[in-house]
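Notes to accompany the following structure.
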Amino acid sequence: MPLNIRTYHELTEPDRSGLAGQIAAQRRRVAARLAGVGRVVAVMSGKGGVGKSFVTAGLARALARGGGATGVLDADFNGPTIPALLHLPVARCTLHDDAIEPAVSPEGIRCFSMALLLQDGRPLGFRGPESESHVWRETLEAATLREFLADVAWGALDRLLVDLPPGIQRFQELADLLPAPPAVLTVTIPTAESRDAVRRAMQFARERGADLLGVVENMVDGPFAGDAGEALAGEFRVPLLARIPWHPSPDVWDGVARRMQRASWE
Amino acid sequence: MKFLCVECDRQMLFEERQLPGDGTLAAAFRCPQCGRAVGLLTNPMETQLVASLGVKIGGTTIDPQPLETVRGMVATGREDAFEDGNEDGTWETGKGKGPVPAWSREAQERLTRVPSFVRGMVKKIYADYARDRGIAEITPAVMDSARSELGLEGM
């Protein structure tokens with residue numbers, strides 16, 4: 001005779017452990033910290049090596065030059081490059097009671113990155129049992145993203161750019177943590193292979209309710225042939241914000257910033 | 001994760017948490033009706049998975065510290081990444097209702113074994129814990145109690 005066991009959702013008494021309450025408090029902390037941020041923009045691609053971080057840094061500089069209060073969260077924890085691209089000074093992180101001060105670039109861009117915390121040349125390693133680390137490592141990286149959002153004193157920003165690693169996993173974590181899905185700026189290179197990979201990422205972001213701001217085609221007029229930027233923009237009915245040459249001038253980035261801002265308003 | 005006393009059909013309540021220091025965790029839950037207790041024992045991987053979520057079985061009584069999970073879990077962090085050590089040799093005093101606690105020599109010695117990447121945060125957590133409870137001196141025994149009560153695995 002089977003035991004009569006109530007289900008999880010039928011047990012509604014408080015149990016003094018409050019795991020669900022702790023998770024909810026984490027979400028509230030993220031929302032409170034980002035209350036002063038006008039818009040969170042995820043810079044993403046389904047493809048590695050297309051220059052997401054390069055585009056993020058160039059765009060952040062242009063937004064800052066245009067007078068916008070700009071932040072960059074480097075969400076590529078295993079290959080963080082934003083501090084070097086923004087020429088951030090090497091400094092210790094300053095703590096206040098409930099937050100860490102972000103590093104500030106010469107142009108006034110507020111930034112936080114795993115590169116500010118790691119030993120030179122060492123990969124990101126976590127304490128814990130080596131065996132079965134595949135079970136908990138992704139969860140720990142999601143917790144890292146949450147803390148970078150919630151525990152850094154971002155302050156009042158017009159835009160917080162989030163530089164994502166290749167793939168869609170970190171975008172999903174970001175969308176789960178924010179009160180609303182982030183806007184998305186997509187980066188591709190001209191090739192058909194990149195187009196196919198980026199298409200999947202854009203589709204995923206749209207299905208999650210993200211606002212697709214447009215496509216940036218990077219590494220144009222070089223060895224990569226194709227029209228991925230134009231094809232993706234047409235397919236998703238979003239603007240092709242720029243075709244970035246190998247050695248872009250500041251004017252090119254200023255143009256991307258202007259067009260992205262226009263796309264944000266429309 | 002919830003525990004049900006099937007005989008009484010009552011949800012069991014969290015009672016106590018223990019961290020033996022080997023990566024495992026023990027938590028006791030008790031039936032409010034019949035008083036029967038069960039122990040939840042997690043292996044290191046399971047303990048790590050829960051810790052990775054940034055939550056503590058049994059909850060906690062102090063506010064989370066900035067980047068608490070990152071500082072507690074990253075093993076390859078720079079020694080001088082954070083500006084929270086007291087350069088003048090004084091010890092972190094923490095916040096709380098009670099008097100500023102002193103640190104025993106043994107407690108100070110034990111803290112020096114904590115990686116500096118996380119040491120400042122650990123000092124503050126212990127000081128907060130002591131001040132909230134009116135503890136005048138932080139000793140290794142106080143640190144052990146704080147670890148279990150607050151669920152500070154690895155600290």
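Every read-out reported here was derived from the displayed coordinates using simple, explicitly stated rules and does not represent laboratory data. Keep in mind that this is a model prediction, so the values were computed, not measured. FYI the Cβ positions are ideal-geometry reconstructions off the backbone, even for glycines, and counts take in every protein chain you see.
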Filter on B:2/B:123; B:56/B:124; A:47/B:56 - keep pairs with C-alpha separation over 25 Å: B:2/B:123; A:47/B:56
Calculate, in whole percent, how much of the Cα-Cα pair population of region A:1-133 lies beyond 23 Å. 53
Compactness summary of region A:194-266: radius of gyration and Dmax from Cα atoms, Å, are 12.6, 35
Below 15 angstrom from the Cβ of residue A:12, what's the summed charge of the other residues (Lys, Arg +1; Asp, Glu -1)? 0
Which far-off residues, 5 or more places away or on another chain, put their amide H under 5 Å from the one on residue B:102, with H placed in the peptide plane? B:137, B:138
Please order A:238, A:43 by the number of other Cβ within 10 Å, starting at the fewest. A:238, A:43
Which value, in Å³ per residue, describes the convex hull spanned by the Cα atoms of region A:72-181? 126
Kindly put A:120, B:80, A:254, A:151 in sequence by how many other C-beta atoms sit within 10 Å of each C-beta, fewest to most. A:120, B:80, A:254, A:151
Evaluated at q = 0.26, 0.28, 0.30 Å⁻¹: base-10 log I(q)/I(0), Debye formula over Cα of region A:18-68: -0.96, -1.02, -1.07
Hits for chain A under the membrane-span-like helix rule (DSSP H, Cα axial span at least 20 Å, Kyte-Doolittle mean at least -1.0) are A:19-33, A:133-150, A:250-265
For A:144-155, mean number of other protein chain Cβ atoms within 10 Å: 3
For peptide A:6-13, how many partner chain Cβ atoms fall within 10 Å of a residue's Cβ, on average? 4
Take peptide A:108-119, look around each residue's Cβ out to 10 angstrom, count Cβ atoms belonging to other protein chains, and average those counts. 3
Projected convex hull area of the protein assembly as shown, Cα atoms, direction-averaged, in nm², equals 24.3
Report, in degrees rounded to the nearest 10, the 0 to 90 angle that the Cα long axis of helix B:116-132 makes with the longest principal axis of chain B. 70
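Please report, in cubic angstrom per residue, the volume enclosed by the convex hull of the alpha-carbon atoms of region B:99-155.
That works out to 68 Å³ per residue.
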